[in-house]
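Written out below as structure tokens is the structure these notes cover.
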Amino acid sequence: MSKNIEDVLKTLSHRELDVLSCAVKRYSNKQTASLLNLSYRTVETYIHSIFIKTGCLTREEIIYLLEKNGARDELCVRHEKLSEVAVSSPKHTSVVRL
């Protein structure tokens, strides 16, 4: 990947960043869908979009790229905030975007 990871992260939508933060924590698509109150297929679509925007082919490649460039910790913090909101919110409501 020739792009700067920080520039690439700026192109991701809030929901793509939410999904990516779950991927960084090794959540499955099913777990991500449950946490974010999305369908499984929607999560797959976001993952595919993230692959296209980053130029990566696998989750492992994205995680490696994030770790190599020091951006993984920021996404882990985002994930922790998502988890806190999801735990305190009833299942039928949407997760608040951060």
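Tabulated data
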read-out: In region 8-17, the residues that are of a type in the set (D, E, K, R) and within 15 Å of A71 (Cβ to Cβ); value: K10, E16
read-out: Subset tally (residues that are in contact with a Leu (Cβ under 7 Å, 6 or more places away or on another chain), touching a residue at least 24 places away in the same chain (Cβ under 8 Å), in a helix (DSSP H, G or I) and hydrophobic (A, V, I, L, M, F, W, C)) for region 37-61; value: 1
read-out: The lone exception for I47 - which of (1) hydrophobic (A, V, I, L, M, F, W, C); (2) at pLDDT 90 or above; (3) over 14 Å from C22 (Cβ atoms) it fails; value: (3)
read-out: Residues satisfying the stated conditions in region 1-23, i.e. modelled with pLDDT of 90 or more, under 18 Å from T58 (Cβ atoms) and surrounded by fewer than 21 Cβ atoms within 10 Å (Cβ to Cβ); value: L12, E16
read-out: Residue within region 1-19 that is within 16 Å of E80 (Cα to Cα), among the polar types (S, T, N, Q) and touching a residue at least 12 places away in the same chain (Cβ under 8 Å) present; value: no
read-out: Residue among T58, T45 that alone is touching a Phe, Trp or Tyr at 6+ places or on another chain (Cβ under 9 Å) and more than 21 Å from K81 (Cα to Cα); value: T58
read-out: Hey, A23 in contact with a helix residue (DSSP H, G or I) (Cβ under 6 Å, 6 or more places away or on another chain) and without any contact (Cβ under 8 Å) to a residue 40 or more places away in the chain or not; value: no
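The values are calculated or read from the model by the stated rules, or taken from the named source; none is laboratory data. Quick caveat, the model's predicted, so the values are computed rather than measured. Every residue, glycine among them, receives a Cβ derived from its backbone with ideal geometry; neighbour counts consider all protein chains shown.
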